[in-house]
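Trainee: This is the structure, below, for whatever I ask next.
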Amino acid sequence: MANFDIKEHEDFYYNEQGYKVFTEKFHLKRGYCCKSGCKHCPYGYDKKTDTFNKNIKKSIQ
């Protein structure tokens with residue numbers, strides 16, 4: 001995993017089932033797509049089709 005501090009509410013949150021959900025900001029800090037079909041993937045990856053959307057966000061806002 002990346003070499004930076006991970007902060008709750010900024011980089012992740014817990015969903016109703018208690019799972020950790022990473023935010024778009026976290027994914028951009030990490031710098032690459034893991035192809036897991038993450039809920040907040042800024043890289044536009046679609047796990048169902050194994051393809052990337054052309055509208056990729058490239059910076060941390």
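No lab work stands behind these numbers, since they all come straight from the coordinates. Being a predicted model, the structure only gives us computed values, none of them experimental.
Trainee: Run the numbers for residue 17 and residue 34: contour at 0.36 nm per residue of separation, minus the present Cα-Cα distance, in nm.
Mentor: 3.9 nm
Trainee: Then there's this: Checking the a/c ratio against 1.5 first, then a/b against b/c, what shape does the Cα gyration tensor give for region 12-52?
Mentor: Oblate.
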